[in-house]
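A short write-up of the structure that comes next.
The values are calculated or read from the model by the stated rules, or taken from the named source; none is laboratory data. None of the values given here were measured: they were computed from a predicted structure. When we count neighbours, we look across all protein chains shown, and the Cβ atoms used for this are built from the backbone with ideal geometry, even at glycine. SASA here: full protein model, heavy atoms, side chains in, ligands and nucleic acids out. Shrake-Rupley method; radii C 1.70, N 1.55, O 1.52, S 1.80 Å.
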Amino acid sequence: MALHRGSRKHGERHISVNPFFGDADPVSGMTEAPPTHRMPRKPLAPGTAYQVVHDELMLDGNARLNLATFVTTWMEPQAGVLMMECLDKNMIDKDEYPRTAELERRCVAILADLWNAPDPSAVVGCSTTGSSEACMLAGMAFKRRWSKRNADRYPGARPNLVMGINVQVCWEKFCTYWEVEPRLVPMEGDRFHLDPRAAAELCDENTIGVVGVLGSTFDGSYEPVAGLCAELDALEKRTGLDIPVHVDGASGAMVAPFLDEDLIWDFRLPRVASINTSGHKYGLVYPGVGWALWRDADALPEELVFRVNYLGGDMPTFALNFSRPGAQVAAQYYTFLRLGREGYQAVQRSTRNVATYLADGIEALGDFRMLTRGDQLPVFAFTTADHVTAYDVFDVSRRLREDGWLVPAYTFPPDREDLSVLRVVCRNGFSHNLADIFLADLTRALDGLRRQQGPTGDREAATGFHH
């Protein structure tokens, strides 16, 4: 979450309240407008409080037009009703809400089967608040396994984690918070994610694991997890180093099983110890749920697991957060039940079709060069063509924002900092019709952008990078 500061006293202001907000006596509702940065002295009528907050939130962008976020922005009304019915249930209270705990257990079992676990009954898994927490848990398991194997050297030796420089920021946080050295495989040329051989070359006796990303947030491409495992297999034959792999499938782990069934990336690879995904991305659930699964109990050290009383028995738990609502878990099970494999396949195929259709349409405009085309994740990145000098990607992002579209423009990491791109994330609910409207707005924007004397250099006004 973002960090915020409190307000200065001399800068404090009050919210204006419309007299019509008052339930019975409109004038009384105007006697004291509530402050914005401290609690009001007196209560407000519920309708008044609602309207004040509601009106301010109208100034947020339209979530359905946000092509920066991977997070689900549309669910069926029935799912919304179900979530409202579960908002008061605390997921940690397994003994008080045993059926919610059962739905969580079923979701783990469904994912274990979906990700081709050799023995689904041996898989250990849990829900989380999102992929960031899931990745932290996976990293903790890596580090604890490594420290146990190297008890004679640790804490003297410093552990390291190998990954591509394109990983989501949560992995950088993990390395900082848990004192692990990040070893980053740089981008090179037109390769915008991890190279398996380069990753293996960074490994040594202090490597706790390697992260493979199934769906890079930078450009939507899959990292070659099978190739990574093959390089680590070869490394073990040469050196004896047995290094596990975690697949960060925040997005791709809920796309590939339905659209890329021949792609080998999951528990079919013996070296894959754990996988995470975001239920609130291509799992098609509103924000607030992720999943982390380990191949078996050996992959998750027992000392990291806490046990709570569950119907007079023992319920193992593994989490960074404690209290959180059960609504998202219920919604995840609802979606699994509602769609089934064929339904998920249809939704994800439609989303990918929209992505490739829109990528082709943007390329046909002639002003852009496509880096990816949305044929892996329904996500693609593009930059201005070499002949375009009147504007840059930041100008395009700023101009599209005027029409309500949020399209991030950003510069790639070190070794490809020369490359600035736009990225479009297509999600369920972003239809062919909306794609046509987007293309029309982009075409109209280009009419003015092409008449500029040069890029404005106003990067602050453009939408920045969002994972």
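How many percent of the alpha carbon pairs in the range 249-311 exceed a separation of 14 Å? Please report the intermediate quantities before stating the final value.
Values: 1282 of 1953 pairs.
Summing the P(r) tail past 14 Å for the range 249-311 gives 66 percent.
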Among the lysines, which have Cα under 22 Å from the Cα of residue 42 when same-chain residues fewer than 8 positions away are ignored?
9
Among 98, 391, 122, the residue whose Cα sits farthest towards the positive end of the charge dipole of the chain, when +1 is placed on the Cβ of each Lys and Arg and -1 on the Cβ of each Asp and Glu, is 98
Calculating volume of the Cα convex hull per residue in Å³ from this structure picks out, from (i) 159; (ii) 127; (iii) 193, entry (iii)
Excluding residues on the same chain fewer than 8 positions from residue 173, give the aspartates and glutamates whose Cα lies under 20 Å from its Cα.
133, 181, 248
Between residue 39 and residue 3, what FRET efficiency follows from the Cβ-Cβ distance if R0 is 25 Å, with the result rounded to 0.05?
0.70
Quick one: work out the % antiparallel among DSSP beta bridges in the range 150-298, nearest 5.
30 percent
With label points set 7 Å from each Cα along the Cα-to-Cβ direction at residue 50 and residue 96, the distance between them in nm comes to 2.6 nm
Would you mind calculating the gained length between residue 237 and residue 262 on full extension (0.36 nm times residue separation, minus the Cα-Cα distance), in nm to one decimal?
6.3 nm
R0 = 30 Å: FRET efficiency of residue 202 with residue 321, Cβ-based, nearest 0.05?
0.40
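Which order do 352, 153, 238 take by accessible area at a 1.4 Å probe, largest first? Don't jump to the answer; show the numbers that get you there.
Working: 352 35, 153 75, 238 160 Å².
Solvent-accessible surface, decreasing: 238, 153, 352.
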Kindly report, to the nearest 10 Å², the accessible surface of residue 83 as traced by a 1.4 Å probe over protein heavy atoms only.
20 Å²
With each run of n ≥ 4 DSSP H residues scored as -39500 (n - 2.57), what mean residue ellipticity at 222 nm is computed for the chain after dividing by its residue count and rounding to the nearest 500 deg cm²/dmol?
-11000 deg cm²/dmol
Using a basic spin-label model with each label point 7 Å from the Cα along Cα→Cβ, how many nm lie between residue 385 and residue 176?
4.1 nm
What accessible area, in Å² to the nearest ten, does a 1.4 Å probe give for residue 231?
40 Å²
Full-extension gain between residue 456 and residue 190, please, as 0.36 nm times their residue separation minus the C-alpha to C-alpha distance.
93.1 nm
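Tell me the carbon and sulfur percent of the accessible area for the chain, rounded to whole percent, probe radius 1.4 Å.
Numbers: 11700 of 22310 Å².
On the chain, the fraction of accessible area on carbon and sulfur atoms equals 52 percent.
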Eligible lysines near residue 89 by straight Cα distance, threshold 23 Å, same-chain separation 8 or greater
281
Could you compute the FRET efficiency for residue 337 and residue 297, with r as their C-beta to C-beta distance and R0 at 41 Å, rounded to 0.05?
0.90
I'd like the accessible area for residue 126, computed on protein heavy atoms only with a 1.4 Å probe and all protein chains in place. Round to 10 Å², please.
20 Å²
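For the chain, what is the accessible area per residue in Å², given a 1.4 Å probe and the full set of protein chains? Please report the intermediate quantities before stating the final value.
On the way: 22310 Å² over 467 residues.
Value returned for the chain: 48 Å² of accessible area per residue.
Could you sort 173, 281, 148 by their accessible area in this structure, using a 1.4 Å probe and putting the largest first?
Numbers: 173 85, 281 25, 148 115 Å².
Correct descending sequence by accessible area is 148, 173, 281.
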Equivalent ellipsoid dimensions for the range 214-253 as semi-axes, Å, which come from the Cα gyration tensor, largest first:
25, 9, 6
Using 0.36 nm per residue of separation minus the Cα-Cα distance, give me the extension gain between residue 349 and residue 63 in nm, one decimal.
100.8 nm
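For 4, 54, what's the largest-to-smallest order of accessible area, 1.4 Å probe? Before the final figure, lay out the partial values.
Numbers: 4 160, 54 70 Å².
Most to least solvent-accessible, the answer reads 4, 54.
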What fraction of the DSSP beta bridges in the range 230-330 is antiparallel, stated in percent and rounded to the nearest 5?
70 percent
